[in-house]
Amino acid sequence: MSDTPARENTAPTFHDKVYRSGGGIAGGILLLILLFWLCIDAMVRGSGSAPGLAASIMVLGIPLIVAFTLWPQVRAGADRLLVRNPFRTIETRWDGVESLTAALSVELRAGGHKFIVWALPVSLRQRKRANRRAMIATGDRGTLSRTPRPSMFGNSAALDNDGPTQAVADKAVAELNERVEKYRRQLPADAGAPELKVTWTWWLIAPMVAGALAAIVILAVG
């Protein structure tokens, strides 16, 4: 008998990592505060149909703001990728990801379908800055080879070199694609076909529809 231990036929596992838009979260919180303030003020001080209309707008606005700012998320799990979009949640095993690219937006292809990843917004301005820093870091300045004009904060090219050389969305997509490739290389042959699961976020959709219908009725009656 051989003393060599049998090789375990298991798929690779990773630590969970969550990707979210910090700007979206901050903007969502500010919008919620503004919505609460305006609607509650109209409900307390308003007359006629104003209080009812303000209440219906609040019922419509809160889930709408949450759906587009606080809810979107990308969760890179141990063996699965979960993408939370405003109205749908997409979940698939890592080998079920057909492609994940970042152009004008981050796009996920899985199960023959294409999905926009809301939690990873692409900033062209941030990408341009990151590319500029990358050129400086590698010594390929190109048109930047001219001596920059000094400012009160010192040499601008030196400051650019201190920042990241890759945009946030591009870096996240690169990390996720790396997980996809590693998982595919080490996946057991008997793992079976990956399943794509898409669910609607009804707990956000239902109050939005109810609030919109209530606002229409109030406006029509008033």
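The values are calculated or read from the model by the stated rules, or taken from the named source; none is laboratory data. Just so it is clear, the model here is predicted, and its values are computed rather than measured. Positions of Cβ are backbone-derived with ideal geometry, glycine not excepted, and every protein chain shown enters the neighbour counts. With ligands, DNA and RNA removed, areas are computed over all heavy atoms of the protein, side chains included. Shrake-Rupley method; radii C 1.70, N 1.55, O 1.52, S 1.80 Å.
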Practice task
Just give me the residues in segment 81-120 being farther than 26 Å from Gly23 by Cα and touching a Ser or Thr at 6+ places or on another chain (Cβ under 8 Å), in sequence order.
Solution key: Ala110, Gly111
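Of the residues that make up segment 185-197, is at least one within 15 Å of Val106 (Cα to Cα) and either in contact with a helix residue (DSSP H, G or I) (Cβ under 6 Å, 6 or more places away or on another chain) or surrounded by 11 or more Cβ atoms within 10 Å (Cβ to Cβ) (or both)?
Going through segment 185-197, the residues within 15 Å of Val106 (Cα to Cα) turn out to be none.
No, segment 185-197 contains no residue that is within 15 Å of Val106 (Cα to Cα) and either in contact with a helix residue (DSSP H, G or I) (Cβ under 6 Å, 6 or more places away or on another chain) or surrounded by 11 or more Cβ atoms within 10 Å (Cβ to Cβ) (or both).
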Practice task
Scan segment 197-218 and report the pairs whose first residue is over 13 Å from Val59 (Cβ atoms) and whose second residue is open to solvent by less than 30 Å² (accessible area, probe 1.4 Å), with Cβ atoms within less than 6 Å and a gap of 6+ or a chain change.
Solution key: Val198/Ile90; Thr199/Thr89
Practice task
List every residue pair whose Cβ atoms sit under 6 Å apart, with the two residues 6 or more apart in sequence or on different chains, where the first one lies in segment 179-190 and is touching a residue at least 12 places away in the same chain (Cβ under 8 Å) and the second, anywhere, is of a type outside the set (A, V, I, L, M, F, W, C) and assigned to a helix (DSSP H, G or I).
Solution key: Tyr183/Asp95; Arg184/Asp95; Leu187/Asp95
Practice task
Output the strands (runs of 3 or more DSSP E) that fall wholly within segment 9-117 and possess 2 or more residues being of a type outside the set (Phe, Trp, Tyr) and crowded, with 17+ Cβ neighbours inside 10 Å, or say none.
Solution key: 73-76, 80-84, 88-93, 97-102, 106-110
Practice task
Just one of (1) touching a Lys or Arg at 6+ places or on another chain (Cβ under 7 Å); (2) modelled with pLDDT of 90 or more; (3) among the hydrophobic types (A, V, I, L, M, F, W, C); (4) surrounded by 13 or more Cβ atoms within 10 Å (Cβ to Cβ) trips up Ala167, so point out which.
Solution key: (2)
Fill in the blank from the handout: Taking segment 119-134 and keeping residues surrounded by 18 or more Cβ atoms within 10 Å (Cβ to Cβ), in contact (Cβ under 8 Å) with a residue 60 or more places away in the chain and out of contact with any Lys or Arg (no Cβ under 6 Å at 6 or more places or on another chain) leaves Leu120
Exercise for the section: Filter segment 204-222 down to the residues that are at pLDDT 95 or above and open to solvent by 90 Å² or more (accessible area, probe 1.4 Å), then identify the one that is nearest to Val97 (Cα to Cα). Expected result: Leu213
